[in-house]
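The block underneath contains the structure these notes are about, expressed in C-alpha cells.
The values are calculated or read from the model by the stated rules, or taken from the named source; none is laboratory data. Predicted model only: the values in this text are computed from it and were never measured. Using ideal geometry, Cβ is built from the backbone for each residue, glycine included, and neighbour counts are taken over all protein chains shown. These area figures cover heavy atoms from the full protein model, side chains too; ligands, DNA and RNA do not enter into them. Shrake-Rupley method; radii C 1.70, N 1.55, O 1.52, S 1.80 Å.
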Amino acid sequence: MNFYEAQDDARKRTKWLVVYFILAVTGVIAAVYTVVGFAYQSQAGRMYTVTDRMGNVTREAINGEWWDTGRFLVVAGVTTGVILLGNLVKTLQLAGGGAAVARDVGARPVDPHTIDLDEKRLVNVVEEMAIASGLPVPQVWIMDDEAGINAFAAGTEPGNAVIGVTRGCVQRLTRGELQGVIAHEFSHILNGDMKLNMRLIGWLFGIMMLALLGRMIFNSLRFVRVRNNSKDNNGGLIIALLLSGIALIVIGSIGVFFARMIQAAISRQREYLADASAVEFTRDPSGISGALKKIGGQQYGSSVNHAKAGEASHMFFADGGMFSYGFATHPPLNVRISTIEESWNGEFKDSQLPPVAQRGKPGGMSSLASDERLSGLSSGGGTATGSVADHSTKVEVSRQKWDAVGESSHQDVNVGKRIRDSISKEWIEACHDREYAQALIFGLLLAEDDALQQGEISFLRKSAGKQAVEIALHWNKALRDVHSSEKIALLDLCIPTLRRLTMPEYERFIDITRWMIASDGEVDLFEFMLQKVLERHLSAHFLHYGGVKTKYTKISKLSQEVNVLISTMSGIGASDGDELNAAYASARDSIDDLKGGLSILPPAECGLNQVDKALKKIERSSPLIQRDVIHACGLAVMNDGVLESKEAEMLRAIADAIGSSLPPFVAQG
C-alpha cells in the first residue's frame, strides 16, 4: 500500500466533495423554493397594503404564480447564505483539531499515567503505532458511556490528531484486535482521509443547518406560554413559529438526506483501503477481522449513542448505528471480514465483560493483615478544625441540633472535611476507581453469617471474578464495625465513579447488588439504604429517571404514609414499650396537622415493604412536607438523644428515596 498514492487519491476526492456539495445545495434550494412557491400560490388574489416613499397607500393583490425569478433569487441567496454560514461556523470550530470532534461526541482525554489497565494498554498501543508510522503520537480520548466497539481518528493534520475509542472497544478486544482497530485509524491519518473527513463535517453541518434551525424553533416553543387575553394574544405567533419549524425540519431533511449520501459516497471505499492498510501495519489479519467479528457478535455492536455522533458517523471504525437514510457510511461487516479472511465461515464472535478489578488489589493492600489502614480510617491526630470523627456506632444528637436540619447553618463543610480526612488515601483512591468502587460496594453487602457469605462469595466469584471477591472480603472485614457516617461517605464518593460505567457494566453491577441484597431472603436496614441510594442516583443517570411532579401539598393527604414511617422508625429506636410510645408521640406531635389524630400501628402494618410503598407517595409531596417528614422520622429514632448506625442508615434511605438530602451527624472527638 503506497500512502503517497492514497493521499493523492484523497485529494482528488476532495474535488468530488465540492461537486456533491453543490448538488446538495441545489437540492435544498429547490426544496425551499417549492414550499415558498406553493405558499404564494395558496395566497393568490389576497390583498395587502403598500406605502410608497411619498406616503401614498395603495392596495395590491398577491401574485399567485408559482414561479417568480426574483423570488427564486432571493430564496436561493438566503438559503445559500445560511448553508455557507453553518459551514463557516463549524469549520472554525474544528480548526483547533481533533479534540473538538472528540469533545462533541462525549469523549474525554486519557491521562498517559492512568492506572486503568484497559486505558494503559490503549495508550501503549497508540504510542507503538505512532512510532512505527513515523508520526507524532496522537492524543488519546475515550468515550466512557459507549458500550459498543468503535473508534475514530480526527484532526486537520497529524500534529493535532486524536485517536478516540469507546469503552466497549478497550474492554472487549484483545491486544491484537485493539492493534488492528488502531492501525485502521492510523491508516486514515496516513492516507489523508482524516483531513478529508474533517472538511466533510464542516460541509455537512452547513447542509443540515435548516433542519437544525427547525429543531431550535421547536425547542424554544417549549418555554413559551400561550396568552389568550384580548389585549395580548400570542397564539397566532406561536402557530406561525410552529409551522415554520415544521417546514424547516421537512426541508432540512432534504439536506440531511444529501448529507448522508455524501458521507456514504466519500467513506465506503476508504474503509476497504484502511482495513487493508491495517493488515499491512500489524502483519496480522486476525486482529482487525477479530474486532469486526466481535462487533457482529455482541448486543451493542458498534453503536455510538451520543447525540452529535451522527455528524461524524463517516469517521468511525464501524457503523455507529445512526439513522442514515439508507446510505450506509461503512461496508457491511460480513463483506469487510470476507475481504480480509477469504476462508471465513460466517460466524461472529461473542465477547464478555472483563472481571471486576482484574488488575488485582490496589496499592498498599498486600500487607492489610497488619496495616491499620485496612479499615480505611486514619487514627492519626486531628485536623485544623478538630479531631477526626469518632468511629463509635453511636452519636449523641440533641433536639436543638436536629431541629436545625434543613437550615444552612447545619450544613457545616468542616464536618465533611473531618469525615473525609478520616478516610485514608487508599480508600479515597478506591472510591475514584471504576473497578475498585464496585468491589467496595460488594464488600459492604457481604453477609456477616459465614454460611450466607460463602454462597455470596461463590456467586460473586462467578459474576465479577476472583480479584473482586478478594478485595470485597478485605473491605467487608474492615468496615463491619464503623459508624454509618463513614460508610455513607464512602458510598457518596463512589457514586460519581459508578456513573462512568458503561450500560453493560451498570447492568452487571446492579444485578449483582440486587442478588446479594436478596440472597438471605430478607433486607436489613443498611441494604435498604444502599439500595435506595443506588437506585436514586444511578437510575437518574443510566435510565434517565427525571424525578416526579409534586402532587401533594397538604400533609393530611399523606397521613397514613407518614404514620407508617414514624411507627416503623419508633420501633427501630426503642428498646421497650414505654420508649416506643414516647418516641412515637414525639414524632407525631411535631407535625401540627397530625397532632392527636394518629395512633401507632401494629408491627404487621410496619416494616420495610410498607415503608417503601409509603416513600413512593411521599416522594411526590412538596419540599416543606418532605422536611417535616424527615424531621419527624429523626425524632422517632432519636428520642433518647442517640443516633445509632442502623438509625442513621434508615434516615438516609428515607431522604434519598424522596429526593432530599440529609447531612451526616458525627461525634465530636
The stretch 94-212: mean projected area of Cα convex hull, nm²: 7.4
Simple SL model, points at 7 angstrom along Cα→Cβ for residue 449 and residue 215; separation in nm is 5.4
What is the stretch 101-192's relative contact order, in percent, from Cα pairs under 8 angstrom and six or more apart in sequence? 28
Using heavy-atom solvent-accessible surface (probe 1.4 Å) with all chains present, what is the largest-first order of 311, 177, 127? 127, 311, 177
Centre separation in Å (Cα based) which lies between the stretch 476-543 and the stretch 146-203: 36
I need the shape label for the stretch 412-460. Rule: rounded when a/c is under 1.5, else prolate if a/b > b/c, else oblate, with a, b, c from the alpha carbon gyration tensor. prolate
How much FRET efficiency would the formula 1/(1 + (r/R0)^6) give for residue 348 and residue 132, where r is the Cβ-Cβ distance and R0 is 35 Å, rounded to 0.05? 0.75
Quick one: length gained pulling residue 417 to residue 540 fully straight, 0.36 nm per residue minus the C-alpha distance? 41.6 nm
Can you tell me the FRET efficiency between residue 459 and residue 175 if r is taken as the Cβ-Cβ distance and R0 is 30 Å, rounded to the nearest 0.05? 0.50
Expressed in nanometres to one decimal, the distance between label points 7 Å along Cα→Cβ at residue 507 and residue 401 is 4.6
Under the rule of at least 5 residues apart or a separate chain, name every residue whose amide H is placed under 5 Å from the amide H of residue 97. 156
Pairwise label distance in nanometres, residue 466 with residue 280, each label 7 Å out on the Cα-Cβ vector: 4.4
Multiply the residue separation of residue 121 and residue 334 by 0.36 nm, subtract the distance between their alpha-carbon atoms, and state the gained length in nm to one decimal. 73.9 nm
Test of understanding: what is the full-extension gain from residue 481 to residue 19, defined as 0.36 nm times their sequence separation minus their Cα-Cα distance? 159.1 nm
Highest-first arrangement of 128-135, 160-167, where packing means the average Cβ count within 10 Å: 160-167, 128-135
Restricting to bridges with both residues inside the stretch 116-180, how much of the DSSP beta-bridge set is antiparallel, in percent to the nearest 5? 45
Give me, ordered by chain and number, the residues 5 or more places off residue 142 or on other chains with an amide H under 5 Å from its own placed amide H. 108, 110, 165
XL table 477/613; 549/613; 294/532; 462/487; 477/646; 417/551; Cα-Cα > 28 Å flagged, in table order, is 477/613; 294/532; 417/551
One finds, for residue 69 and residue 243 with R0 = 22 angstrom and r their Cβ-Cβ distance, a FRET efficiency to the nearest 0.05 of 0.25
